[in-house]
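Asks: Please read through the structure below; I'll follow up with questions.
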């Protein structure tokens, strides 16, 4: 992987997907649900009139669910997390990370022969063939992402095909 200049790159976070609420609202709801489930876990853990299996099993399930919501708020929905799904577009290339558990991939503009812009996906054609990168995000974010990629690709003399205008 090549090192890229931070000051000349633009990061676009994919966020929570195609939802009606703002990213900040979704993140705050995840924090609220996390706290709620962690409180429920503590209540079940210190409740005296239930059996051992219920006490340990239910409190464990609530703890697990609470930490899942906390993980999503802190990692997946964060604007600064390196694990959050994002695209980084720079003059040197394109760094793509479409999921929290997906490995990021850097594509150098020199290797790109053609860019295809589709419905919530980006296609990159190089000497080995075409690779599609589907992603989930808001409509506005997808449009912004495609405009930036198209602008830089045209500057670099790369053919750009908009699959939505067929």
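Asks: So which strands (runs of 3 or more DSSP E) stay within segment 62-152 end to end and still have 2 or more residues that are under 13 Å from the mean Cα position of the chain (by Cα) and more than 30 Å from residue 35 (Cβ to Cβ)?
Replies: 86-89, 93-97, 129-134
Asks: Condition first: in contact with a strand residue (DSSP E or B) (Cβ under 7 Å, 6 or more places away or on another chain) and under 19 Å from residue 145 (Cα atoms). Can you find one or more residues in segment 14-35 that meet it?
Replies: yes
Asks: Has segment 33-50 got at least one residue that is under 18 Å from the mean Cα position of the chain (by Cα), free of Cβ contacts under 8 Å to residues at least 12 places away in the same chain, at negative phi and surrounded by fewer than 16 Cβ atoms within 10 Å (Cβ to Cβ)?
Replies: No, because not a single residue in segment 33-50 is under 18 Å from the mean Cα position of the chain (by Cα), free of Cβ contacts under 8 Å to residues at least 12 places away in the same chain, at negative phi and surrounded by fewer than 16 Cβ atoms within 10 Å (Cβ to Cβ).
Asks: Out of 96, 89, which single residue is at pLDDT 90 or above, closer than 13 Å to residue 13 by Cα, in contact with a helix residue (DSSP H, G or I) (Cβ under 6 Å, 6 or more places away or on another chain) and surrounded by 15 or more Cβ atoms within 10 Å (Cβ to Cβ)?
Replies: 89
The values are calculated or read from the model by the stated rules, or taken from the named source; none is laboratory data. Small disclaimer: the values here were computed from a predicted structure and weren't measured. We place every Cβ from the backbone using ideal geometry, glycine too, and count neighbours over all the protein chains shown.
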